[in-house]
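Here the structure is laid out as structure tokens; the discussion comes afterwards.
Bear in mind that the values in this text are calculations on the coordinates, not laboratory data. Note that the structure is predicted; figures quoted are calculated from it, not measured. When we count neighbours, we look across all protein chains shown, and the Cβ atoms used for this are built from the backbone with ideal geometry, even at glycine.
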Amino acid sequence: MTRPSYLGIDLGTSGVKALIMDQADNVLATAHADLTVQRPLPLHSEQNPEDWMAAVDSAVTQLPADLRNDVSAMGLAGQMHGAVLLDAQNQLLRPAILWNDGRSFSQCKTLENTVPTLARLTGNRAMPGFTAPKIQWVREKEPAIFDRIAKILLPKDWLRFKLSGAMVSDMSDAAGTLWLDTEQRQWSLDMLEATGLTLSHMPALAEGPDNSGHLSAAFAARWNMAQVPIAAGGGDNAAGAVGSGVARPGDTMLSIGTSGVIFHVDDQYRPNPAGGVHTFCHALPGLWHQMSVMLSAASAVDWVAATTGFADTPSLFTAVEKRGQLTQSEIFLPYLSGERTPHNDPHATGIFFGLTHETDPTALGQAALEGVALAYADGADAIAACGNEIKQLNVIGGGARSHYWGRLLAAAINKPLVYREGADRGAAFGAARLARIMMEGENTALILAAPEIVETIVPDPQLVKPLSEKRKIFKDLYNNTRQG
């Protein structure tokens, strides 16, 4: 081993990203492997965990072998809330139910009635995206499977088990289950009992930079690596925040991925579930965060690109940027998978409104970018309603590559957007940083320095006013078309 380096793995919904960085935060190599989502019934969203493992193996083996050999530690990040159910022999009992699955809406009401202190304990309303309602659904609809459950793991934690044999979760990911006492950073016996579970069903808990196990001999040999320690890691957004240096009270991040997130760091536990805001532990000890979540962000734009006949999403961006103007009348509600913040409505649906004979695919693409931006503005208002001041938003995620979209986002939210070096590196980079903290804990503050600012986009007054006016129609459209 010539020099220490760190491997970060991010298990996303649409794919797995693997990244190796050195001690100076320089990214040495990246790789990606695609995943698909199965939707067997309305509101259902599932994946086969074995597909995750195949994608991880594909992504890691794409990285240069000599760089893998230099890795001294690794960290894991991943999609939150998914339910991986194992029997007493640690075999999968069914496909994993994902974060954007909406089938357990009635079970959420049951949990809130059963545990009146749920919101205070967990920092959140019960929503179908969380893990506990999914298990309540299994308990009611698939009792034969429920009776065989021996362990429940979150997606990245199932990967950890496959890679190391350890059953461990970190605080940020565990906070998204509704089984965590989020202030005390420990499993809540009341919440477990409400879903017919005990502590024996849960993995051990660790902070994000803690050592959670070691890579098995089999995978070390396959990947040309040592049996390196594995940092506990974080949920995708918390790990992404670590990667972008959003690690101090008051720091705020905007993440543009399959889902859309605004993430605000706090050094106190201050839950305020009104408006669909989440309060979770950060992936760093002693910190929490409040978060707004929209379920379809970049994924909504991908859908519009495919549906309107563009060759791919980059082609949509090229056409829209060339057009370079707001829509005349077209408005898009991006609720293709229901919505969390601020509506907590799994039945919310997408809408195109205001179409005319002049509406063409490029206008629909522009409407998609505007609609997602307006939904982010709803999330920013929900965060601000908790008493938080958003000064600026650090942008991460694949969607961060479009600065044209950044202009729309800055104007819709009416706050500056800050683009930093490597803004599209995301949660895999944060996972690698957590591995580095595990190995170099005394340098934590240095490691968590925010990357260099590449560009700041301030709200354009010529866009702020018309988007504000459209937002009134945007909000009325949801309220006038909601189901129930």
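Worth pointing out:
- Each residue in 37, 395 was given a count of other beta-carbon atoms within 10 angstrom of its own, and listing them fewest first yields 37, 395.
- Rounded to the nearest 20 debye, the dipole magnitude of the chain is 420 debye, with +1 charges on Lys and Arg beta carbons, -1 on Asp and Glu beta carbons, and the Cα centre as origin.
- For region 5-244, lysine pairs separated by 8 or more sequence positions, or belonging to different chains, with Cα-Cα distances below 15 Å total 4.
- Here the relative contact order of the chain, from alpha carbon pairs under 8 Å that lie six or more residues apart, stands at 16 percent.
- Computed over region 287-345: relative contact order in percent, which uses C-alpha pairs under 8 Å that are six or more apart: 52
- Estimated from helices alone, the mean residue ellipticity of the chain at 222 nm is -11000 deg cm²/dmol (sum of -39500 (n - 2.57) over DSSP H runs with n ≥ 4, per residue).
- Only Lys, Arg (+1) and Asp, Glu (-1) charged, at Cβ; region 5-244 dipole about Cα centre in debye: 520
- Counting only DSSP beta bridges whose two residues both lie in the chain, roughly 70 percent are antiparallel.
- Percentage relative contact order, region 5-244, counting C-alpha pairs under 8 Å, at least six apart: 20
- Most positive-pole-ward Cα, 136, 243, 408, against dipole of the chain from beta carbon charges: 136
- Volume per residue that the Cα convex hull of the chain spans, once the total is divided by residue count, Å³: 132
- For residue 180, the residues whose modelled amide H falls within less than 5 Å of its own, excluding neighbours fewer than 5 places apart on the same chain, are 188.
- Basic side chains Lys and Arg get +1 at the Cβ, acidic Asp and Glu get -1 at the Cβ, and with that the dipole of region 409-459 about its Cα centre reaches some 160 debye.
- Region 5-244: C-alpha gyration tensor shape, a/c 1.5 cut-off, then a/b vs b/c: prolate
- Computed from backbone phi, the HN-Hα couplings of region 384-399 come to 5, 5, 7, x, 9, 9, 8, 8, 7, 10, 7, 9, 9, x, x, x Hz, rounded to whole numbers (Karplus: 6.51 cos²θ - 1.76 cosθ + 1.60, θ = phi - 60°; Gly and Pro given as x).
- Neighbour-count ranking [beta-carbon atoms within 10 angstrom, fewest first] of 162, 475: 475, 162
- Kirkwood analysis of the Cα pair distances in region 187-304 returns a hydrodynamic radius of 16.7 Å.
- DSSP bridge orientation in region 5-244 - percent antiparallel, rounded to nearest 5: 65
- Two-decimal ratio, region 277-336, of alpha-carbon radius of gyration to 2.2 N^0.38 Å: 1.62
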